[in-house]
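First comes the structure, then the notes that go with it.
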Amino acid sequence: MLIGKKGEAKTAIETADASSITVRGKDLCNEVMGHSSIAEFFFLHLTGREPSPDQAFFMNVLTVALAEHGLTPSVQAARMTFAAAPEALQGAVAAGLLGVGSVILGSADVCGDMLADAAARIEDGESSEAAALAIAREYKDAGKFIPGFGHPIHHPVDPRAARILELADERGVSGRHVDALRAFPDAVTEVWGKPLPMNLQGPMAAVLLDLDYPKAAIRGIPILARTVGLIGHLNEETERPIGFLLAHHGEEAIEYDGS
């Protein structure tokens, strides 16, 4: 049974024959291997385009920025899964990646939508301050957290966010989405009645959009980055296991109040 519209069964990503592999029109062995970094290959594979130096640079910057941030819920899930099933590294990595969502790691795509909205309003004649304030009020009135703001540890600003914006300015890639983002801290403070630290999701989304990265694939950067971090944690789990200890402390911390 066919679900959806019938279409042509074609791909533009890869083909192979007995002696060669072609990825996005390039000979993998002769044109890509030994010539492209993983960041450059990722961008080529994703878009079909060779990245500019700035696009490749920020693929690296953002992946490094997101790869590690301690024993987050996704890391704990991965390490506890690996403790229970040490033969299944891929299962433990998958357990960690399933926690990439709108609250932790995955809010950059939502932030991308917000910044695209702000940039469009500014192009239509609103000031950046008015656009940010209106959008912040819309999130607040809907009872939603505003993406790109808030962090349990970093105050008054996530140092990674500050560094991303600094690098964007240094390399001259700050565009309309970064400009739109810079109006949000004051708007968020006014609407929420207190300052909320800008986290790295906002600058990440803003810089990616200004670099013509596909908005629909923004969440792919945290997924790629956290995969790197999870594998490091799981390798440590083989040497210094804490998975069952994490589960034990979790059980100790929860009080049963059933009848």
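No lab work stands behind these numbers, since they all come straight from the coordinates. Not measured: the values here are computed from a predicted model. No Cβ is skipped: glycine too gets one built from the backbone with ideal geometry, and neighbour counts run over all protein chains shown.
Structural remarks
- Using only alpha carbons, the chain has a radius of gyration to Kirkwood radius ratio (Rg to Rh) of 1.03.
- Shape category assigned to the range 33-95 from the gyration tensor of Cα positions, a/c cut at 1.5: prolate
- Percentage of interatomic Cα-Cα distances in the range 108-214 larger than 17 Å: 48 percent
- Partner lysines for Lys26 [C-alpha distance under 22 Å; skip if fewer than 8 residues away on the same chain]: Lys10
- Dipole magnitude (debye, nearest 20) for the range 15-143, charges at Cβ of Lys, Arg, Asp, Glu: 440 debye
- Looking at the range 103-200, the trypsin sites (Lys or Arg not before Pro) that sit in a DSSP loop and have at most 12 other Cβ atoms within 10 Å of their own Cβ are Lys144.
- Sorted fewest first by neighbouring Cβ atoms within 10 angstrom, Ser19, Ser128, Ser52 come out as Ser19, Ser52, Ser128.
- The base-10 log of I(q)/I(0) for the range 1-153, evaluated at q = 0.13 Å⁻¹, reads -1.02 [Debye formula, identical scatterers on Cα atoms, solvent excluded].
- Separation in nanometres of the label points that stand 7 Å from Cα toward Cβ, at Leu98 and Ala9: 3.1 nm
- Put a plus charge on the Cβ of each Lys and Arg, a minus charge on the Cβ of each Asp and Glu, and nothing anywhere else: the dipole of the chain about its Cα centre is then about 360 debye.
- At R0 = 45 Å, FRET efficiency that the Cβ-Cβ distance of Asn30 and Phe244 yields, to 0.05: 0.40
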